[in-house]
1. Under 10 Å, Cα contacts only: if you run a Gaussian network model on the chain, which one of Ile59, Ile28, Ile50 comes out with the highest mean-square fluctuation?
2. Grab the other residues whose beta carbon is less than 9 angstrom from that of Val84, score K and R as +1, D and E as -1, and report the net.
3. Counting only other residues whose beta carbon sits under 12 Å from that of Lys93, what net charge do I get with K and R as +1, D and E as -1?
4. Calculated from the structure, Rg and Dmax of the Cα atoms in Å equals which of (i) 13.1, 39; (ii) 13.8, 45; (iii) 17.4, 57?
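Bear in mind that the values in this text are calculations on the coordinates, not laboratory data. Note that the structure is a prediction, hence the values are computed from the model and not measured. As a convention, Cβ positions derive from the backbone with ideal geometry for all residues, glycine included, and neighbour counts pool all protein chains shown.
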Amino acid sequence: MAYKIHVKDFVIIIAGKNKGKTGYVTYINYKKNNAIIEGLNIVFKHQKSIPERNQIGGIIKKEAPIHLSNLALFNQETKKSDKVFFKVVDGKKRRYFKSTKTLIS
């Protein structure tokens, strides 16, 4: 199955507490349909210290995953979220923006 959102894509969050914010995808978990967006959906993790591993405890900021259904690709030309369609060119499946019909890099 071809996914519409890949790593290093510029996306916009369309639902949730960070709605309207944009960022780059750094990691995608295809089994759970989650993605981590650079600098968004920051949560605080209370880390317990583990002396055997020389790990210091405290409150750590980290990026939490966001479900793929809450993300949309952001079209830089139109400055809006955009749908994606697939087209086979030279035997390869390519992604295009639906509104401008331009290739997604």
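1. Ile50
2. Values: positive: Lys4, Lys83, Arg95, Lys98; negative: Asp82.
So the environment of Val84 carries a net charge of +3.
3. Counting the neighbours of Lys93, the net charge comes to +4.
4. Here Rg and Dmax of the Cα atoms in Å agrees with entry (iii).
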